[in-house]
């Protein structure tokens, strides 16, 4: 496996069908499931590792975002990557970029409303990564369900010849969705954070039992979170998977039921995918033991 | 030569190094000079013909924009194109696109100030054409000098692996810059429009004689236009070629001295490139007889 710092070097190492897994590093089993899926379907697998400052609204969140490139490189290699593209910020943004990519509508609510400018930063860096690497397919986790809708819309609208693949959330055995930010949680916060996934699973059960109304589903999540104590969700919404439009009812196709909340100083998001055609919910993949996020470095 | 309506078909016909000449059709010798330059440097030459509604602010301007695809196809073929990509609007924009690409700063003044939204429309369609066709090089005329700066900035910022080539303005023998919109001018308007290029040439002469101050150069243009009668310029500015920043003096590198004005109902733009390193002005290429815009259809 090779570690490179430029798009030119990345393209030069890309032979045949190329799959890109864009990450901000500090990899966990969620990222590894993307790399493995890319490995199965492509001749070349590129993992990008870049903490994109454009998508951070809060300087503290950017500064404290966990980073460990050596760890990422060895995990990516084990999972089957051929190339790790780990550019410097001065390469990605030699000057503050004048160009920004915005996706209207899809990016307005939920994360868009609570993190102003976030999705412009995401759309701009993803457009740059897809333009610079020119992969045939790119792989994203469904934990960022709204981000996935933003990226799919961007790719359609700009006619980027890349197939966007969204893959299930990977969770700790107790349900907590994997996130690089989880390492910032204290043990007590880690325990309190569990209510997010537990409340979504309760709603998933009621969806599978026939409840399709947003009010009932989001109400169940809110009630479970309120019952647990001191976590105040930023939002709980039912949205269409394709375009992140908030809906009143899950009637046809795919939806996600999403929640965001701060646990201590750490902002967490989670969601479950609801398939209205089959009345089924995708609770993601549960690990059988603690994730690698808790391994000693 | 092949005429196709999809990006997939365009890419399938692109062998080896590919040059793209993006146009809105109704080709003239200016476009043909771009196609010929692309022919000299590439194995495949693609000419796109698409009147992009996103970049028109005025419905009348869009509706009256001249179109003749049969004429464009035969002219493109004669000039050496391999592929004409002439998509339907319903292919380019099956739904109103949610994604928009903006280039801050470069796009703010001059055309940006007088045609709100214009450059967002240009940047979005050019990003889409470059993403969909994936050329190695793309060719643009310097008549749209600010557009060229917008596109070069976009390509840098989004790391699009394409070389942007800007080529000299082609003019009628009497100096009028070629524009598809010229066909809308009455004979009397056609005669009045000449003051735009004539005033720029006067300023070019004073630049070559040592005048580098914006005030003197734009003042010379304004005075010549005012002396000629009833044309009121929308703007006259000296701007840096690289980023279209309006400057007070041409001190180092390339600049353009630009003018926009309505002649009757038709809005025209023109400019000359000033090379401050050599003290020289590029007045463009003058045809020896009437351009093909005046040929009977």
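To keep it simple, each residue is scored yes or no on (1) modelled with pLDDT under 95; (2) part of a helix (DSSP H, G or I); (3) touching a strand residue (DSSP E or B) at 6+ places or on another chain (Cβ under 8 Å).
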residue	(1), (2), (3)
A:166	no, no, yes
A:181	yes, yes, yes
A:201	no, yes, yes
A:211	no, no, no
A:218	no, yes, yes
A:239	no, no, yes
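Kindly indicate which of A:70, A:109, A:82 is under 27 Å from residue A:268 (Cβ atoms) and in contact (Cβ under 8 Å) with a residue 12 or more places away in the chain.
On the way: A:70 fails: in contact (Cβ under 8 Å) with a residue 12 or more places away in the chain; A:82 fails: under 27 Å from residue A:268 (Cβ atoms).
Among A:70, A:109, A:82, only A:109 is under 27 Å from residue A:268 (Cβ atoms) and in contact (Cβ under 8 Å) with a residue 12 or more places away in the chain.
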Original post:
Looking at B:66, B:22, which one is modelled with pLDDT of 95 or more and within 17 Å of the chain's Cα centre (by Cα)?
Top reply: B:22
Original post:
For segment B:255-297, which residues satisfy the criterion of being in contact (Cβ under 8 Å) with a residue 40 or more places away in the chain and in a loop (DSSP other than H, G, I, E, B)?
Top reply: B:264, B:265, B:276, B:279, B:283, B:284, B:287, B:288, B:289, B:290, B:291, B:297
Subject >> segment B:1-52: number of residues that are in a strand (DSSP E or B) and either within 14 Å of chain A (Cβ to nearest Cβ) or in contact (Cβ under 8 Å) with a residue 60 or more places away in the chain (or both) >> reply: 10
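Condition check: assigned to a helix (DSSP H, G or I), in the same structural domain as residue A:273 (by TED's automatic domain parsing) and closer than 23 Å to residue A:280 by Cβ. Does residue A:188 satisfy that?
Working: assigned to a helix (DSSP H, G or I): yes; in the same structural domain as residue A:273 (by TED's automatic domain parsing): yes; closer than 23 Å to residue A:280 by Cβ: no.
No.
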**OP:** Determine whether segment A:218-230 contains at least one residue that is closer than 12 Å to residue A:271 by Cα, more than 14 Å from chain B (Cβ to nearest Cβ) and either buried (at least 16 other Cβ atoms within 10 Å of the Cβ) or over 21 Å from the mean Cα position of the chain (by Cα) (or both).
**Re:** yes
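Go through segment A:96-117 and count every residue that is within 9 Å of chain B (Cβ to nearest Cβ) and either closer than 20 Å to residue B:107 by Cα or surrounded by fewer than 20 Cβ atoms within 10 Å (Cβ to Cβ) (or both). Reasoning before the result, please.
Initially, segment A:96-117 is screened for residues within 9 Å of chain B (Cβ to nearest Cβ), giving A:97-107.
Still in the running and either closer than 20 Å to residue B:107 by Cα or surrounded by fewer than 20 Cβ atoms within 10 Å (Cβ to Cβ) (or both): A:97-105.
The qualifying residues number 9.
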Original post:
Hey, among the residues in segment B:118-150 that are touching a strand residue (DSSP E or B) at 6+ places or on another chain (Cβ under 6 Å) and within 10 Å of another protein chain (Cβ to nearest Cβ), which one's nearest to residue B:59 (Cα to Cα)?
Top reply: B:120
Original post:
Which one of these does residue A:77 not meet: (1) closer than 25 Å to residue A:161 by Cα; (2) in contact (Cβ under 8 Å) with a residue 60 or more places away in the chain?
Top reply: (1)
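Does residue B:86 satisfy the condition of being away from chain A (no Cβ under 14 Å) and over 29 Å from residue B:238 (Cβ atoms)?
yes
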Original post:
Quick one: which of B:160, B:130 is part of a helix (DSSP H, G or I), at pLDDT 95 or above and buried (at least 24 other Cβ atoms within 10 Å of the Cβ)?
Top reply: B:130
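The values are calculated or read from the model by the stated rules, or taken from the named source; none is laboratory data. Everything quoted here is computed from the prediction, not taken from an experiment. When we count neighbours, we look across all protein chains shown, and the Cβ atoms used for this are built from the backbone with ideal geometry, even at glycine.
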